[in-house]
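The block underneath contains the structure these notes are about, expressed in structure tokens.
The values are calculated or read from the model by the stated rules, or taken from the named source; none is laboratory data. None of these values were measured; they are calculated from a predicted model. Note: ideal-geometry Cβ built from the backbone for every residue, glycine included; neighbour counts use all protein chains shown.
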Amino acid sequence: MEILRPSESGIDNAIRRLRQLLDSAEIIAYPTETFYGLGVKYDQGDALERLYHIKQRPCDKAMPLIIGRPGLLTLLTPAIPPAAKKLIGKFWPGPLTLIFEACGNLSPYITAGTGKVAVRVPGPSFALELARHLDYPITATSANITGMPPAETADAVIDYFGSSVNTVVDSGKAPGNTPSTIVDVTGAEIRVVRQGKIPQEKIFSVVS
């Protein structure tokens, strides 16, 4: 397993290396604004399958994604509803995950057969810097075995997965904190799926 420490190698070198790995269908672990996440390129079917396997994740659970800018949504969804545009303008980058209608070519490992895709532009973090340097989405599922606590450190990621993860970015302890709010924008009216960092009343005040 490779350990990358951006404080030593420099963030640009670390991101350059991670892009090589993602393009080669490897699994990486990286810190987000909450916990450590596991990343693979969104269209690498073999990598997505391995990711589900090492997490012991049920195949009926969809895999959330991150992107570095809203323009990349065209790779994931055929339409961005007006309410979603308002929420994006207000809360991205930040702890808001939006659920869109999925493009038909997305892997079932991402959609879990729901016809929907969950995505966000993460808040200030290494994850945001990484996503901004990529021209494609990557997964942002928590770095843990399903049902276990999410990893807050690189050592915790290693304890969970060992060499099953190619490279871990060690930036110290992740902040932890409340997870992102999840909002489904596929219906006639938006629906808050999970209460998180952004209160429900703020969500509805933006789209009302």
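For the stretch 32-46, does any single residue satisfy the condition of being surrounded by 17 or more Cβ atoms within 10 Å (Cβ to Cβ), of a type in the set (S, T, N, Q) and closer than 24 Å to residue 124 by Cα? Yes, the stretch 32-46 contains at least one residue that is surrounded by 17 or more Cβ atoms within 10 Å (Cβ to Cβ), of a type in the set (S, T, N, Q) and closer than 24 Å to residue 124 by Cα.
If you go through the stretch 127-157 and keep only what is of a type in the set (Asp, Glu) and within 30 Å of residue 74 (Cα to Cα), you end up with 129, 135. Beta carbons closer than 6 Å, at least 6 apart along the sequence or on distinct chains, pair a first residue in the stretch 171-192 that is within 19 Å of residue 140 (Cβ to Cβ) and modelled with pLDDT of 95 or more with a second that is among the polar types (S, T, N, Q) and not in a loop (DSSP other than H, G, I, E, B) for 182/97.
With respect to (1) assigned to a strand (DSSP E or B); (2) surrounded by fewer than 18 Cβ atoms within 10 Å (Cβ to Cβ), the lone exception for residue 113 is condition (1).
Residues of the stretch 167-196 that are closer than 20 Å to residue 76 by Cβ and either within 17 Å of the chain's Cα centre (by Cα) or surrounded by 14 or more Cβ atoms within 10 Å (Cβ to Cβ) (or both): 180, 181, 182, 183, 184, 185, 186, 190, 193, 194. Scoring residue 76 on the criteria (1) closer than 14 Å to residue 131 by Cα; (2) out of contact with any helix residue (DSSP H, G or I) (no Cβ under 8 Å at 6 or more places or on another chain) leaves a single failure, condition (1).
Looking only at the stretch 17-72, residues that are at negative phi, part of a loop (DSSP other than H, G, I, E, B) and not hydroxyl-bearing (Ser, Thr, Tyr) come to 18 in all.
Need the failing condition index for residue 164 against (1) in contact with a helix residue (DSSP H, G or I) (Cβ under 8 Å, 6 or more places away or on another chain); (2) crowded, with 19+ Cβ neighbours inside 10 Å, just the number. The single condition residue 164 does not satisfy is (2). Residues of the stretch 166-194 that are closer than 21 Å to residue 117 by Cβ and not aliphatic (A, V, I, L, M): 179, 180, 181, 184, 186, 187, 189, 191, 194. If you filter the stretch 197-208 down to residues that are surrounded by fewer than 20 Cβ atoms within 10 Å (Cβ to Cβ) and in contact (Cβ under 8 Å) with a residue 60 or more places away in the chain, you find that the one that is nearest to residue 56 (Cα to Cα) is 197.
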